[in-house]
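Data first, discussion second: the structure below is written as structure tokens.
The values are calculated or read from the model by the stated rules, or taken from the named source; none is laboratory data. Bear in mind that the values here come from a model prediction, so they are computed numbers and not experimental data. Here the Cβ positions follow ideal geometry from the backbone for every residue, glycine too, while neighbour counts run over all protein chains shown. Ligands, DNA and RNA are excluded from the accessible area calculation, which covers all protein heavy atoms including side chains. Shrake-Rupley method; radii C 1.70, N 1.55, O 1.52, S 1.80 Å.
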Amino acid sequence: MSNNSQTEKKISKLNALKEQAQAGGGKARIDKQHKLGKLTARERVNTMLDEGTFREMDMLAHHHSSEYGLDKTIFLGDGVVTGYGQIDGNQVCVFSQDFTVLGGSLAEQHGRKICKVMDLAMKTGVPVIGLNDSGGARVQEGVISLGAYADIFLRNTLASGVVPQISLILGPCAGGAVYSPAITDFIIMVKSTYMFVTGPKVVQTVTHEVLTSEELGGISVHGAKSGVAHFTCENDLEAIEVVKKLLTYIPSNNSSEPPFKPTNDDNNRIDENLNNIIPANPNQPYDIKEVIKTIADNGEFLEVHEDYAGNIVVGFIHLGGRSIGVVANQPMVLAGVLDIDSSKKAARFIRFCDCFNIPILTLEDVPGFMPGKVQEWGGIISNGAKLLYAYCEATVPKVTVITRKAYGGAYDVMSSKHIRGDFNFAWPTAEIAVMGAKGAIEIIFKKEMDEAEDKMAKELELIEEYNEKFANPYIAASYGYVDDVFEPKYTRSRLIDAFKMLENKVDKNPYKKHGNIPL
Ligand code: HXC
């Protein structure tokens, strides 16, 4: 046999092996996946990455177990597709679990492959994107499967704050398997999938509650109630679009700057409608998302946690091309009050931005912290402190605009200058005070109110006097607690200038192993 035909034979063998790997769990299982409206693991990767950029690793890896007849069911790749490629020209590392192979179950080789690609991401400083679709720990490989999960959890934790980690939930995600996505920065969950620590059957046995998987851990649960999912989507393709959008705002690692997105939107655009957005009645709501979209480049806003804790709005915009994380009280929901869920939501978002050098814009209109037994018993003290801690700790550029109410402790918390907010601006409609007029006069004028003949008239008189005195930004301005008061219509240009000024800001926290945020 000539050298050439020897090589040809070897090449044929290689091609046959690769074809075998690409066949996954076989046509029938792939058809089933498609019938459910799901893409296969490779289809997902190829759709997400720029065409022709995916380089697969460990395609020929397989398990070495013989338990329960596993030696007769060897699938090349071991149920997960791993490798690297590009999204809009930016390098990323990817793993994509293949449900058609042993239900995408995770075991020794499957886990090792994920760890290898995570290690590569850490060495090279690129994001890790995990596409999860798995029946969890592979039963046949027992404790080895559990160990493989723990190897991943450790890497998730070590990578946290070093490279962005994004998890897509595209199929079942149950048991301890939920904890890998839970440690990552963003969870994007698709309809008809679920996440739970214990499934409906165990729940029924232990608590006698009868629930479907959807009711226990579907997208409506994690998108709106638990807040576990940052984004919820109709299908795989929508979820992939969210990944692509997210990557236009976040850098590859903690030593890089977020990507600059050139814009043809005028930096000096004046938005007259902002001058009329604050209602005459201070108790009337308005939509803070309208403010965000008005000032953002081309009105684009990528909202995170859209359906969870709507009294605070968080997400990303570009301002003059710069990526900015926005935290904004939402007067449309619970008057924008800070409660347990909104504090946790905003705190985590602020910490993400701070990890990855994304400046933070705070839009403030907050009547204070939510009173009541439910909140106190639920720990509003330590949960509210998470938000305070996150703002205090953050060293990225921080700019605040007080649009209306900045009352009580919430004034301090929402990135005030006292906690290293770099610029605090106010609109002329701002009301910066210890509390609203009604509450205040009930405390300081109790005696006068009791003694007044016409209580209503006295109350109105005192409210008017209090509002005149305190419901404005000028006392704060007189102490330098706000740097400037400007007309709302100039907000876009003033913010672009402020963030430009802060471009090279350097701020440091004292040396420590790590702080002790009140978890
Ligand atoms: C091995 C598994 C598997 C698993 C599914 N399969 N899960 N094989 N270990 N954990 C296999 C099935 O045998 C089947 O193989 C194929 O995957 C598809 O599974 P089906 O059951 O036919 O699919 P479906 O009806 O869609 O149901 C999917 C499912 C169900 C809901 C995920 O398979 C299921 O309940 N699996 C077990 C889930 C679970 O309890 N996992 C352990 C969680 S504990 P064939 O050959 O027929 O195609 C855990 C601990 C993590 O994960 C520890 C971290 C700390």
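A few notes on this one:
- Residues of segment 258-298 that are under 27 Å from Pro164 (Cβ atoms) and either more than 24 Å from the chain's Cα centre (by Cα) or open to solvent by 30 Å² or more (accessible area, probe 1.4 Å) (or both): Pro259, Phe260, Lys261, Pro262, Thr263, Asp265, Lys289, Lys293, Asn298.
For every residue, the table says whether it meets (1) open to solvent by less than 80 Å² (accessible area, probe 1.4 Å); (2) touching a Pro at 6+ places or on another chain (Cβ under 6 Å); (3) over 18 Å from Glu234 (Cα atoms).
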residue: Leu17; (1), (2), (3): yes, no, yes
residue: Gly24; (1), (2), (3): yes, no, yes
residue: Lys35; (1), (2), (3): no, no, no
residue: Thr40; (1), (2), (3): yes, no, no
residue: Asn46; (1), (2), (3): no, no, yes
residue: Thr53; (1), (2), (3): yes, no, yes
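- For segment 59-107, the set of residues classified as under 30 Å from the mean Cα position of the chain (by Cα), within 16 Å of the ligand (Cβ to nearest atom) and open to solvent by 60 Å² or more (accessible area, probe 1.4 Å) consists of Phe99 only.
- In segment 174-200, the residue that is farthest from the ligand (Cβ to nearest atom) out of those that are more than 22 Å from Pro127 (Cβ to Cβ) and in a loop (DSSP other than H, G, I, E, B) is Lys191.
- Exactly one residue out of Ile169, Ile152 is within 16 Å of the ligand (Cβ to nearest atom), crowded, with 21+ Cβ neighbours inside 10 Å, under 20 Å from the mean Cα position of the chain (by Cα) and within 16 Å of Gln97 (Cα to Cα), and it is Ile169.
- Answer residue from segment 133-149, given it is within 9 Å of the ligand (Cβ to nearest atom) and charged (D, E, K, R) and is farthest from Thr40 (Cα to Cα) among those: Glu141
- Considering segment 116-132, the residues that are part of a helix (DSSP H, G or I) and open to solvent by less than 10 Å² (accessible area, probe 1.4 Å) include one that is farthest from the ligand (Cβ to nearest atom), namely Ala121.
- Exclusive hit being modelled with pLDDT of 95 or more, among the β-branched types (Val, Ile, Thr), under 19 Å from Ile496 (Cα atoms) and touching a Cys at 6+ places or on another chain (Cβ under 9 Å), set Val327, Val291: Val327
- Any hit, segment 393-406, residues being farther than 24 Å from Leu319 by Cα, of a type in the set (Asp, Glu) and open to solvent by 10 Å² or more (accessible area, probe 1.4 Å): no
- Considered as a group, the residues in segment 246-257 that are open to solvent by less than 80 Å² (accessible area, probe 1.4 Å) and not aliphatic (A, V, I, L, M) include one that is farthest from the chain's Cα centre (by Cα), and that residue is Ser256.
- Whichever residue in segment 200-245 is over 23 Å from Lys345 (Cβ atoms) and among the polar types (S, T, N, Q) and, among such residues, is least open to solvent (accessible area, probe 1.4 Å): Ser213
- Within segment 201-240, the set of residues being away from the ligand (no atom under 15 Å from the Cβ), outside any helix (DSSP H, G or I), under 19 Å from Val178 (Cα atoms) and not hydrophobic (A, V, I, L, M, F, W, C) comprises Ser226, Gly227, His230, Thr232.
- Across segment 260-299, the number of residues qualifying as in contact with a His (Cβ under 8 Å, 6 or more places away or on another chain) and either in a loop (DSSP other than H, G, I, E, B) or among the small types (Gly, Ala, Ser) (or both) comes to 3.
- Cβ separations smaller than 9 Å between residues 6+ apart or across chains give the following pairs from segment 271-296 residues that are closer than 20 Å to Ile324 by Cβ and of a type in the set (D, E, K, R) to residues that are part of a loop (DSSP other than H, G, I, E, B) and open to solvent by 70 Å² or more (accessible area, probe 1.4 Å): Asp287/Met332; Lys289/Met332; Lys293/Glu300.
- Applying a threshold of 7 Å to beta carbon distances and a minimum spacing of six or more residues, or different chains, the list of pairs starting in segment 397-421 at a residue that is closer than 16 Å to Leu495 by Cα and ending at one that is at pLDDT 95 or above and in a helix (DSSP H, G or I) reads Pro397/Phe499; Val399/Leu495; Val399/Ala498; Val399/Phe499; Val401/Thr491; Thr403/Val291; Ser415/Tyr391.
- Residue match in segment 426-435 (condition: part of a helix (DSSP H, G or I) and touching a residue at least 12 places away in the same chain (Cβ under 8 Å)): no
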